[in-house]
Amino acid sequence: MTPTPDPLLEAKALVEHYLERSMVPDPEGASACLAPGFELIFTGGRHFHGPAESAGFNARRYAWVKKRFLRTDAALDPDTGDIHVYNTGHLYGEWPDGTPFDGNRYMDCFVVRAGKIVRTDVWNDSAEILLDRAGLAEAPL
């Protein structure tokens, strides 16, 4: 008897594979996980259409950056059939001046439809950390 595939587990594996390919960076490998018309909305409301664009943005913000996954959760939207996948953890790497960082919280929210990622929303603490480093934070971190 062949086991029945679990769409939630498959969507979580797809998202983690996409994130791993994005961190290499391997924009072509990451793009294989995406549906036509993919939308990527980054912190601050920046819109991108693929991993190469977000990698270019990250190359200006960080000397290098990686994600340390804490958890990946998935939920089925019974009205649309979409699977919403949430991946959270911490960014670590170096700022452009070579200063290392770790513990920068992030939350990525994905919409998976028919086995492909159609949308990602990305949030992290980078802007707040940069404001603090520049002496512009309204309160201590």
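The values are calculated or read from the model by the stated rules, or taken from the named source; none is laboratory data. Not measured: the values here are computed from a predicted model. Using ideal geometry, Cβ is built from the backbone for each residue, glycine included, and neighbour counts are taken over all protein chains shown.
Data table
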quantity	calculated
Number of the condition not met by LEU141 [criteria: (1) surrounded by fewer than 17 Cβ atoms within 10 Å (Cβ to Cβ); (2) more than 14 Å from LEU19 (Cβ to Cβ); (3) under 19 Å from the mean Cα position of the chain (by Cα)]	(3)
Meets criteria (under 13 Å from the mean Cα position of the chain (by Cα), at negative phi and free of Cβ contacts under 8 Å to residues at least 60 places away in the same chain) for PHE48	yes
Identity of the residue in the range 4-27, at pLDDT 95 or above and of a type in the set (A, V, I, L, M, F, W, C), that ends up nearest to SER54 (Cα to Cα)	LEU19
The range 14-66, subset assigned to a strand (DSSP E or B) and among the basic types (Lys, Arg), residue surrounded by the most Cβ atoms within 10 Å (Cβ to Cβ)	LYS66
Residue satisfying condition, being over 16 Å from PHE69 (Cα atoms) and within 13 Å of the chain's Cα centre (by Cα), within set ALA30, ALA35	ALA30
